[in-house]
Structure formats: C-alpha cells, structure tokens
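The values are calculated or read from the model by the stated rules, or taken from the named source; none is laboratory data. This structure is a prediction, so every number in the text was calculated from the model and none was measured. Positions of Cβ are generated from backbone atoms using ideal geometry, with glycine treated the same way; all protein chains shown enter the neighbour counts. Just so you know, the surface numbers come from the protein's heavy atoms only, side chains and all, with ligands and any DNA or RNA stripped out. Shrake-Rupley method; radii C 1.70, N 1.55, O 1.52, S 1.80 Å.
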Amino acid sequence: MGWLPFGSKKAHAHIQPDELPVPTCLKPYFVPDVVKCSMTELTGSIRCSCGANSFRAISSEEPGLRYRLCCTGCGQDVLLFDAWQHGWDALVCSVLPEEEAVPEHAESCGRCGGDAFRADVWVEPVEREEFVSDIPEGLTEADWVNAYTWFAATLTCARCGRRVRDWADVETG
C-alpha cells in the first residue's frame, strides 16, 4: 500500500459528500476523497469556484497562523485556515494568537522554483455529540463543523510534482 497523505482511516459506510462535516470556509472549494473520508476524518483536494486546481500558496511567516491559496486561473483568494477565526480554540475557547499582523510569504517549489501548486487538505472534525452536549454561548448546533481539532494541508508542485507534505499542520484544540 502506498503512502496516504494524512491518515489511514477508511470510511466504514458510504457517506454522501453533502453529509460530511466540512468547515464552512472550505465548503465551496473542498472536493472530498470519498474513499478516505469519514465523519471523523476529512481528506480531499481544493478546487476553485472557477474550476481550476492550481494555486499560489501563501502562509504566515509564523507557522500555524494563516494559510491561503490564490487561484492561478481567476485570482480568487481561498482562505484555508486562520487561527483567529477557525478551529476549536478560536471558536469554542476564544484562545487566539497574540499578534494579528503577521507577515506572509508565498511558497515556491524547492526543486524547480515553480509557484503554482495543487492542494490537498485533511481536517479532523470534533464529534457532533461532543459539541452539541454543551454548545458554547453565542454558537448554534450548526457551528459544530467549524469546531474541528486539527487542520493539515499538502502541496504538490503543478510543474514538477514535488510534494510539500507539511505545508500546514495545525492542532486547533
């Protein structure tokens, strides 16, 4: 068996893609890998609303704070993760990083120097029952999809195929 990008859990029962707990910020762009997705582990690729799957990858210089993509087809910005607004710590615990103005940098391929990437993401959702049993004030049951506990992303250079496996790897709760 080959290397699995983020985990090895397999769905035990077929789950419809629209039933998956995809975080709101990713929903318009997330293309699930239905073989690997389950209610406790989401794995899939990112596709822009224009249909392109090639992006410039931009992250905060301080790891774990902000990850976004800029579509090379239409220029649309796709915010993947922002520690000030996404995940369990930000949503449920109001645990936010100290400094909000953090410089960003664009990723480039270490092999060929290319700046266009395909992106795969992995999200570890919190169990719905855990969230619903004690919904924090100001949130609703529908917010459970945004209270995930881990976010990760892997990039693959669109030019040479080199993988950047740990581009994003953030425990959020």
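Restricting the search to region 78-97, which residues are of a type outside the set (A, V, I, L, M, F, W, C) and touching a Ser or Thr at 6+ places or on another chain (Cβ under 6 Å)? Before the answer, list the steps.
Quick first cut of region 78-97, residues of a type outside the set (A, V, I, L, M, F, W, C) only: 82, 85-87, 89, 94, 97.
The answer is G87, D89.
Of everything in region 120-131 that's open to solvent by 50 Å² or more (accessible area, probe 1.4 Å) and not basic (K, R), which residue is nearest to K27 (Cα to Cα)?
Looking at residues that are open to solvent by 50 Å² or more (accessible area, probe 1.4 Å) and not basic (K, R), I get E124.
Give the number of residues within region 74-99 that are under 18 Å from I46 (Cβ atoms) and in contact with a strand residue (DSSP E or B) (Cβ under 8 Å, 6 or more places away or on another chain).
Adding up the residues that qualify gives 9.
When region 47-72 is examined, which residues are found to be touching a residue at least 40 places away in the same chain (Cβ under 8 Å) and within 17 Å of N146 (Cβ to Cβ)?
Answer for region 47-72, where residues must be touching a residue at least 40 places away in the same chain (Cβ under 8 Å) and within 17 Å of N146 (Cβ to Cβ): just Y67.
Filtering region 118-131 down to residues that are hydrophobic (A, V, I, L, M, F, W, C) and in a strand (DSSP E or B), which residue is nearest to V22 (Cα to Cα)? It would help to see each step written out before you state the result.
Of region 118-131, the ones hydrophobic (A, V, I, L, M, F, W, C) are 119, 121-123, 126, 131.
Applying the additional criterion that residues be in a strand (DSSP E or B) yields 119, 121-123.
On the way: A119: 16, V121: 11, W122: 10, V123: 8 Å.
Residue satisfying both the conditions and the ranking: V123.
How about region 102-140: which of its residues are of a type in the set (D, E, K, R) and touching a residue at least 12 places away in the same chain (Cβ under 8 Å)?
Taking region 102-140 first, the residues of a type in the set (D, E, K, R) are 104, 107, 111, 115, 118, 120, 124, 127-130, 134, 137.
Correct list: E104, E107, R111, D115, R118, D120, E124, E127, R128.
Just to verify a result, which residue in region 150-169, among those that are among the aliphatic types (A, V, I, L, M) and crowded, with 21+ Cβ neighbours inside 10 Å, is farthest from S94 (Cα to Cα)? Steps first, please.
Quick first cut of region 150-169, residues among the aliphatic types (A, V, I, L, M) only: 152-153, 155, 158, 164, 168.
Retained after the next criterion (residues that are crowded, with 21+ Cβ neighbours inside 10 Å): 152-153, 155, 168.
On the way: A152: 21, A153: 23, L155: 29, A168: 21 Å.
Only one residue fits best here, namely L155.
I need a count of the residues in region 86-108 that are part of a loop (DSSP other than H, G, I, E, B) and surrounded by fewer than 21 Cβ atoms within 10 Å (Cβ to Cβ).
Here the count works out to 12.
Quick check on region 132-149: of everything there that is outside any loop (DSSP other than H, G, I, E, B) and touching a helix residue (DSSP H, G or I) at 6+ places or on another chain (Cβ under 8 Å), which residue is surrounded by the fewest Cβ atoms within 10 Å (Cβ to Cβ)?
E141
Within region 26-85, work out how many residues are part of a loop (DSSP other than H, G, I, E, B), over 17 Å from T172 (Cβ atoms) and open to solvent by less than 20 Å² (accessible area, probe 1.4 Å).
Number satisfying all stated conditions: 2.
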